[in-house]
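What follows is one structure encoded as structure tokens, with my remarks underneath.
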Amino acid sequence: MNRREFLKTSLFTTIGAVVLSACNHIAIRTKDFIDKVSTKKYKNLDISVIGFGAMRLPQKDGEPDIEKTQEMVDYAMEHGINYYDTAWFYHGGKSELAVGEVMKKYPRNSYYLADKMPLRILKDKSEVIPTFEEQLKKCRTDYFDFYLAHNINKNEWKTLKECNVYEQLLEKKQEGKIKYLGFSIHDTPELLEEVVNTYKWDFVQLPINPIDWKTLDAKRQYEIATKAGLPVVVMNPLKGGQLSTLSEKAVDILKNENPDVSPSSWSLRYSASLPNVFVVLSGMTEMEHVTDNVKTFTDFKPLTEKEQSVLEKAIAVYNSSGAISCTYCQYCTGCPVGIDIPKNFLMYNQYKATDRKDRFTLAYESIKEENRADKCINCGICKTKCPQKLDIPNLLKDVADLYKELKQ
């Protein structure tokens, strides 16, 4: 090779290296610019302000749709959502399995996993540890970052104490299988105070949203937790989806203020704006739920006073519609005569939001006769299961009466 050929080869090699370096740099910069959701501090951890709730996963043939769930989780992880919440009862016992399946591809230290002790199924204290160990296997993990005594109410509080649940879970915490121990509760402020004062907890999970803040005294419960020094995880921020599908008049109020954000975004920001809240759980069923949540919590900013006022006005309009305060949590399922309570309430609330009489009657008639509201025998079993303390038999009568009225 002569001098001229050598110089030519060296020049092209250098240019190629520069171009390749520039391309790599651009690729890295593009990756760096993927929107990441904001975080809040829990002790020394950076927790995404929005958490992925696995209570309402997409379904296929009556079971969690793993393929769709995987796509949603992949998008969530890519955009910085790092808190994942499941429970024994979700999806009829299949949620923990689904979470274990979709999270197995990720390093265990790249996300935080929350699960819960199902107090309702415990018969004696010998069942606590085997239940816990089974949950670890279902989730394919060696430990839970956050673990809760699930859904404490008067009955479950008694079970927790009689079965030495706290003491046994504390041992698991000392073994490193639980990093932080807390509880969730759907009950009165008085019971919350008793639970807070009886044991030493690391955090608490509370239902907080713009409707329950006043009607179910969520404000007082938040204040009790804050006074006790317990950071708060928020559940039911959209009240089972009601705050995603507000009445048309309520939605118009929000859209007039900001046409670029969803009704869900308003209520999620409402809960996340509270200083003592470190993560807000959103039950995600569709990819659009994930993308909207990422949009809401990228560069998250608390609601301003003006936005608070606008949201309160919209909620007042929605409350006046007469919708049933159901979160569609499915805890009332298992009706002895087969009534699909959540479905009946969902149709009723959709009618209250839209005033579409024809749509309600068609939807009601699409339900099998044995699953309809008019088949209620007023046994009251469902009332004992409802976290919202709804008078379900009387509300089912309202649904059935509405159908009769509209048909006439």
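Annotations for the structure displayed:
- Principal-axis tilt of helix 287-297 within the chain, Cα atoms, nearest 10 degrees: 80 degrees
- Three semi-axes of the equivalent ellipsoid, segment 131-235, Cα gyration tensor, whole Å, largest first: 25, 15, 13
- For segment 228-242, the Karplus equation 6.51 cos²θ - 1.76 cosθ + 1.60, evaluated at θ = phi - 60°, returns couplings of 7, x, 9, x, 10, 9, 9, 10, 6, x, 10, 6, x, x, 4 Hz by residue, with Gly and Pro reported as x.
- Applying the Karplus relation 6.51 cos²θ - 1.76 cosθ + 1.60 with θ = phi - 60° to segment 171-182 yields 3J(HN,Hα) values of 5, 5, 5, 5, 7, x, 7, 10, 8, 9, 10, x Hz, where x marks Gly and Pro.
- Asn394 versus Glu193: modelled label distance in nm, points set 7 Å from Cα along the beta carbon direction: 2.7 nm
- Under 5 Å, built H, 5+ apart or other chain: amide partners of Asn82: Ser48
- DSSP-assigned coil residues among GluC sites (Glu not before Pro) in segment 117-180, each with at most 11 further Cβ atoms within 10 Å: Glu175
- Approximate spin-label separation Ala316-Lys60, in nm, with each point projected 7 Å along Cα-to-Cβ: 4.8 nm
- For segment 39-319, relative contact order (Cα pairs under 8 Å, six or more residues apart, normalised by length) works out to 19 percent.
- From the alpha carbon centroid of segment 245-321 to that of segment 358-408 is 29 Å.
- Computed from the C-beta positions of Ser126 and Ser366, the FRET efficiency with R₀ = 51 Å rounds to 0.65.
- With only Cα atoms counted, the chain has Rg and Dmax values of 24.7, 100 Å.
- ³J(HN,Hα) computed for each position of segment 75-85 - Karplus, 6.51 cos²θ - 1.76 cosθ + 1.60, integer Hz, glycine/proline x: 5, 4, 5, 4, 9, x, 6, 10, 10, 10, 10
- At 0.692 mPa s and 37 °C, Stokes D of segment 341-407 from Kirkwood alpha-carbon radius, µm² per second: 269 µm²/s
- Here the spin labels are modelled as points 7 Å beyond Cα on the Cα-Cβ line, and at Arg356 and Leu170 they lie 5.5 nm apart.
- You can think of it this way: the chain between Tyr75 and Leu406 has 114.7 nm of extra reach, that is 0.36 nm per residue less the Cα-Cα gap.
- Angle in degrees between helix 218-227 and the longest Cα principal axis of the chain, rounded to the nearest 10: 60 degrees
- Within the chain, percent of DSSP bridges classed antiparallel, to nearest 5: 20 percent
- Flagged links, alpha-carbon separation over 21 Å, of Lys94/Lys116; Lys68/Lys94; Lys41/Lys161; Lys137/Lys200; Lys104/Lys295; Lys227/Lys301: Lys41/Lys161; Lys137/Lys200; Lys104/Lys295; Lys227/Lys301
- Square roots of 5 times each gyration tensor eigenvalue, C-alpha, segment 208-322, largest first, Å: 21, 17, 13
No value in this document is a laboratory result; all are computed from the given coordinates. Note that the structure is a prediction, hence the values are computed from the model and not measured. Because the Cβ atoms are built from the backbone with ideal geometry, glycine has one as well, and the counts that use them run over all protein chains shown.
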